[in-house]
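Where a number appears in this text, it was derived from the coordinates with a stated rule and is not lab data. The structure displayed is predicted, hence computed values, not measured ones. Cβ atoms come from the backbone with ideal geometry, glycine included; neighbour counts cover every protein chain shown.
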Amino acid sequence: MSRRRSLGTKKKIALLVGAATMAGGGAFVMANASNAAQTTEDARTKAAQDSGVCQGLATALGNNQRFIEGQRADPDAQSQARIENREAVVAEIERQQAASGCAVGESAQDSPAGDRAGGQAGGQVDGPAGDQTGGRAGGAGQAGEQVCAGATVTLSGEGGAPAASSDRFPVGTRLRVTNLDNAKSTTVEVNSVSGSCALLNNAAFEQVREEGKFLIRRALIEKVD
């Protein structure tokens, strides 16, 4: 007959301690991995916030939401089409918020600003403004009438050729937007209605933006005839 060998008390204790150590070590590794992932995500979110990405996207979202509310409050024959277009833009902005580590759905309204001629918002431009679409660079264009002094500028989220949308200028109005932080300018036509003085579509915003930013805090907006 075979006899089963029983483990001594010391060996049993050693095995139990070893198993507990391995289990604890695994938990420690998993906790470290989780903490590292969270730290990376927090760092990405903070970097996005510090660079103005989140603020710019929140402003863009707020402007589009305000426009939709205005169209619903005072509709006309084209309101439904405009609302559907802006709802698609809102969805795209929220997608960008998620990809940038921002709070999805966070909304901020653009600061209201009255039209005032003369002077420059936020100070003087250091050096010539390189108008990428035939503006003032090299004396090619004349100075325009400053409008919406103090307003920030962000993107509408719309595609297509460089253009702008506005809540106060009719379609066909030419606006020159200068980013005073990098001296880049673009001159575009208003082609649709929005909830802000001047919203640049994606192509126009790319011409004047600072890398990684979705908001121009110091902007000069001019009406060009």
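Remarks
- Using a Förster distance of 25 Å, the FRET efficiency for GLN80-ALA103 (Cβ separation, nearest 0.05): 0.25
- R0 of 45 Å, Cβ-Cβ distance ARG72-GLU206: FRET efficiency to nearest 0.05: 0.90
- Relative packing of peptides 191-202, 209-220, 79-90, 167-178 - highest average C-beta neighbours within 10 Å first: 191-202, 209-220, 167-178, 79-90
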